[in-house]
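The block underneath contains the structure these notes are about, expressed in structure tokens.
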Amino acid sequence: MTESTYQQLQISTSLAEQIAFEFFNIKGIVSPLAGEIDFNFKITSSEKSYILKVSRPDAALEYLTFQDELLKHLEKKSPNFKYPKSFRNTDNQGIFDYIDAHGNNRKVRLLEWIDGHLYSAVNPKSESLRFSLGQKCGQITNALLDFNHALAHRTFDWNLADALWVEQYVGLFSEKELEIISFFIEKFKAIQPQYQKLRKSTIHNDANDNNIIVSHQLQNPSVEAIIDYGDSVYSQIINDLSVVLAYGIMDFEQPLEAAKAIISGYHQQFPLLDEELQVLYTTTAMRLVISVTKSAINKKKEPENDYLLISEKSAWRLLEQWKNISESYAYYTFRSACGMTPCSTYETFVNYAQNSNWTIEDLIPESKNKIITPLDLSIASTFIGNFSNYINSVALDDKISRKVREENVLLVGGYGEARPIYTTDAFKIKTNEGYEHRTIHIGVDFWTLAHTAVHALEDGEVFSCHNNDHPKDYGPTLILRHQLNDLVFYTLYGHLTKESLADKFIGKAIKKGEKIAQIGVEAENGAWSPHLHFQIILDMLGHENDFIGVSSPSNWPIFSSICPDPNLLFKTPLLNSKKRIDQLDQINYRKQHLGKSLSLSYDKPLKIVRGEMQYLIDEFGQKYLDTVNNVAHAGHEHPKVVEAGQQQMAVLNTNTRYLNDEILAFAEELLATFPEELSVLHFVNSGSEANELALRMAKAMTGEKDIIALEIGYHGNTQGCIDISSYKFDGKGGKGCPENTHIVPLPDAFRGIYQGENTGEKYTKHVEEAILKVQSKNRNVAAFIAESIVSCGGQIDLPEGYLKEAYRYVREAGGVCIADEVQVGFGRVGKAFWGFQLQGVVPDIVTMGKPIGNGHPLAAVVCTRAVADAFANGMEYFNTFGGNPVSCAIGRQVLQVIKEDKLQENALEVGEYLKKQLKNLQQSYPIIADVRGEGLFLGIELVDENKTPLPDETNYLANRMKDFKILMSVDGPQHNVLKIKPPMCFSKANADYMLEVLTQVLNESFMEF
């Protein structure tokens, strides 16, 4: 086609505007839209929007009338579902002729514009969105079951049933492309006998990503409508779902995983049959084959028409991904999405197992002389202990081996068990949202002595005999094939001796009860202690020498069906999998028995069972990068801190009324971090206790009761702390400001009452005013309390000179200055060990909380000698567990870790880097209005162009980051600040990954403003 011919085909926006006004009396902004058969335009008038459709020359009226009748049928069948309704022109015509300037006869229609996003432009295409897509397509299938029209039976290239026409054009493809195309063409030919017998109906046949309209809402958008019924055709019903999948799962890292929600939603509205699911893998691919073939043809026919090539690149990528997926595994996944048992032979195997009489002694005869004992290696296992035990697995292996030798036991377990030993990068896989670890063990492990004999449980033959090059997986492995009538299954035996496999060859007959191998020594199994990995497999999925032994949580429903629980055969109560407590039941119990005010993080709560430095690990072994848990200051379950507590707890834990070296050693090291004026310590159990004690000290020192505190400040959960915490008493359930509390404005230089630089003096004038107000009542101020960076206020940096001036006013009035360092102390701010040092001041009292104990209930108050002496008025201050030897040992180790691991230096380096990169991000994303804080105590504030807070968007960001396994939290009085205060071991690599994901989420269509 020549350029001039192509130009003659086109309809300009100015001509579209003319047609709309002349024939429909509509004026508006005209924008071109994509289209293959018609030229489409959106017309936006002052009242509503429309789609003007102008056909290519000589379009058949019957074809357009067919579409119109189909839409009317849908409207009648499903009035509550949105369809693009048609409008009539000024001559009361729904479809009419228009002769263009070149003499071409065009057909013109005007349809209703359905507002929303195109699916192609939506990012992310979430699971709930994909489910709603399936639902809507299933609804249309139902509605069209009784629609019949002669043109629905036309011959049509896009009808999957006629897809073999593509064979005529295989010469258009490269060698690599042809290999993929031919692979699926042959599969499509092979399924024809069963395919031709499948259910048929008129189907939409074109739910591509530019024909799907998605709602606008930020949280949980859904499919509003499916448009463009021009490709509707009478065909196999499963073809319609194939089309939806072909376009709905493009550009996903794991397309099969993405398909599950679409299939599930479709099946909910239109139940699918097993015979249809059997062909779905192939028909989905063939739709893509048609698409890329059309693109190849159109490159020559209309090279300038970009729409005709719009999905070519994505289609090729999906075809290549699809070819690498096992067809059987895809079929099992489809069944699972429809609520069926994934593996179609699972029930047959269960019936066989119920009638078997296998025992563990049949497998390992020597077990009759041993005590069979369950071994818990789950994520929450206390047997494993600290993460240092499984990162260095030699320690864990030695512990298991010692138990086997010394206690004469056969340790068993593992089926369906999520294990922390699989949380390393070796088991990490990329998913559609971040990463997932393959943590769930598929077989059963039997730990016993090396060279223990293993016997066959059933007649069979050798399927494979392989010396695995990755001993941490299986080591030397034997797989037997068993056939009992129509049932075929396999048994896998891993971690064997090489010698015991020497006489095995593929096809060798094996008799039930025959000795088949011996368990290997550690040298043959890497660092594993001697054990047998035993696994049942119903479908090898194309594997020849081994099989996956560890599943990801998302794929566990499939693999638990392909690889049934071996205890179906052994029927041993000791091997019964631990039942998981339903999350909803846990939530309900919390609400009933743990106090209704106890909240949970995130829209979908997490069950966290293990910590590992900057990570928290859920019950399925999935690792979440923790960017908010400042309490685990040195890192979650830091090995040295854990060991210090364990060692001291094994020796002594008592109160401070006895002499003990630990409290003195800890006190000396802690006081060394403070200016010399602060020289007296009182140990308590929490930050709330510390601030409560500080208030008592201030009142004892001054004889006054009035406290000045910051707006939106939070200082703890005791009554005394609540009474000075504006964040609490001005919030839900609060009773307002008490008589003796005086709140001064939050010194927020970004959105506060004074903005910009040099606002410190303006804000401190309010402190002076508060003092004068107290004095006007013939009272005086007892104390001024402030965090050195205001946390609940939104990680607010205090303006330069703020504390220096505020402290001066307070001290001149005879008051005491309290620095709340519960969240910002211990090197977190990077440039200094204590936050108050950033302001160049020395408080009279400093409070600190659980970061001092890395999460252990330990806190302290340090004060001047004068304050301490005033507080010692004869009333003894005794705190039973404040300063106990265990807490002090832990606190001292935290200080040592801060020094040895250079955590303050890390906070400075990583914090400065992260802050700089966030500010760079700010240039591209105006929604990031402010980046502030110091070290690893940062805040990101989200507002619009008018500085109006965006709490919904902030909450969306936090929850989306969690989807990628990055924990973030929301703060600030308007809940529009993302806070970053991770464990201090947070690395530059962690920062880079957080920035990468944050950028990805900011690019999502629902974050565009």
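Each reported figure results from applying straightforward, stated rules to the coordinates on display, with no laboratory input. Keep in mind that this is a model prediction, so the values were computed, not measured. Here Cβ is always computed from backbone atoms with ideal geometry, including for glycine, and neighbour counts include all displayed protein chains.
Can you give the translational diffusion coefficient of the chain in µm²/s, computed by Stokes-Einstein from the Kirkwood radius over Cα pairs at 37 °C and 0.692 mPa s? Please list the in-between numbers first.
Numbers: Rh = 33.5 Å.
My calculation gives 98 µm²/s for D.
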Worksheet item: Angle, helix 127-144 long axis vs. longest principal axis of the chain, Cα atoms, 0 to 90°, nearest 10?
Response: 30
Worksheet entry | Enclosed volume per residue, in Å³, of the convex hull spanned by Cα atoms of the range 119-337 | 120
Response to the item:
Residues other than Tyr195 with Cβ under 15 Å of its Cβ, Lys/Arg counted +1 and Asp/Glu -1, net out at -1
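Give me the net charge of Gln483's neighbourhood, meaning all other residues with Cβ under 11 Å from the Cβ of Gln483; Lys, Arg count +1, Asp, Glu -1. It would help to have the intermediate numbers written out before the result.
Values: positive: Arg481; negative: Glu458, Asp459, Glu461, Asp486.
That sum, taken over residues with Cβ under 11 Å, equals -3.
Counting other beta carbons within 10 Å of each residue's own, what order do Met968, Met613 fall into, fewest first?
Numbers: Met968 25, Met613 20.
So the residues, fewest neighbours to most, are Met613, Met968.
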Worksheet item: In nm, to one decimal, how far is the modelled label at Lys512 from the one at Glu909, with both set 7 Å along Cα→Cβ?
Response: 6.5
Worksheet item: If the cut-off is 17 Å between C-alpha atoms, which lysines fall inside it for Lys323, apart from same-chain ones fewer than 8 positions away?
Response: Lys176, Lys187, Lys189, Lys313
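Ranked highest first by the average count of other Cβ atoms within 10 Å around their residues, in what order do 199-207, 995-1003, 436-444 fall?
Ranking the peptides 199-207, 995-1003, 436-444 by packing returns 436-444, 199-207, 995-1003.
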Fill in: Peptides ranked, highest mean first, by Cβ atoms within 10 Å: ranges 220-231, 853-864
853-864, 220-231
Response to the item:
Taking r as the C-beta separation of Lys732 and Arg317 and R0 as 56 Å, the FRET efficiency to the nearest 0.05 is 0.65
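Indicate, rounded to the nearest 5 percent, the antiparallel portion of the DSSP beta bridges found entirely in the chain. Working shown, then result.
On the way: 103 of 126 bridges.
Of all bridge pairs located within the chain, approximately 80 percent are antiparallel.
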Worksheet item: Which chymotrypsin sites (Phe, Trp or Tyr not before Pro) in the range 855-899 pass both tests, a DSSP loop state and at most 15 other beta-carbon atoms within 10 Å?
Response: Tyr877, Phe878
Item to complete: With a 10 Å radius around each residue's Cβ, average the other Cβ atoms per peptide and rank 726-738, 114-126, 816-828, highest first.
Response: 816-828, 114-126, 726-738
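Restrict the search to the range 764-796; then list the trypsin sites (Lys or Arg not before Pro) that DSSP places in a loop and that have at most 15 other Cβ atoms within 10 Å of their Cβ. Working shown, then result.
Details: sites: Lys765, Lys773, Lys777, Arg779; in loops: Lys777, Arg779.
Sparse-neighbourhood loop trypsin sites (Lys or Arg not before Pro): Lys777, Arg779.
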Practice prompt. Just need the relative contact order of the range 351-575 here, percent rounded to a whole number, with Cα pairs under 8 Å and 6+ apart.
Written response: 24
Worksheet item: What order do you get for Leu671, Leu695 when you list them from fewest to most C-beta neighbours inside 10 Å?
Response: Leu671, Leu695
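Would you mind getting me the FRET efficiency between Glu668 and Gln354? Use the beta-carbon distance for r and R0 = 56 Å, nearest 0.05. Before the final figure, lay out the partial values.
Numbers: r = 69 Å, r/R0 = 1.23.
It comes out at approximately 0.20.
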Worksheet item: Against the longest principal axis of the chain, how steep is helix 13-24, in degrees 0 to 90 to the nearest 10, with axes from Cα atoms?
Response: 70
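Cα convex hull of the range 3-113: how many Å³ per residue?
Taking only Cα atoms, the range 3-113 has a hull volume of 110 Å³ per residue.
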Response to the item:
Quick numbers on the range 351-575, Rg and Dmax over C-alpha atoms in Å, give 16.7, 50
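List, in the order given, every pair from Lys370/Lys640; Lys399/Lys902; Lys705/Lys735 whose Cα-Cα distance in the structure shown is over 26 Å.
Numbers: Lys370/Lys640 37 Å; Lys399/Lys902 32 Å; Lys705/Lys735 19 Å.
Pairs exceeding the cut-off: Lys370/Lys640; Lys399/Lys902.
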Worksheet item: Which order results if Leu198, Leu678 are arranged by neighbouring Cβ count within 10 Å, fewest first?
Response: Leu198, Leu678
Item to complete: Pull up the DSSP beta bridges for the range 753-861 and report the antiparallel fraction as a percent, rounded to 5.
Response: 35
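Phe147: net charge of surrounding residues, Cβ under 15 Å, Lys/Arg +1, Asp/Glu -1, itself excluded? Display every interim value, and only then the final one.
Working: positive: Lys72, Lys76, Lys77, Arg154, Arg199, Lys200; negative: Asp68, Glu69, Glu75, Asp146, Asp231, Asp240.
Charge balance near Phe147 sits at 0.
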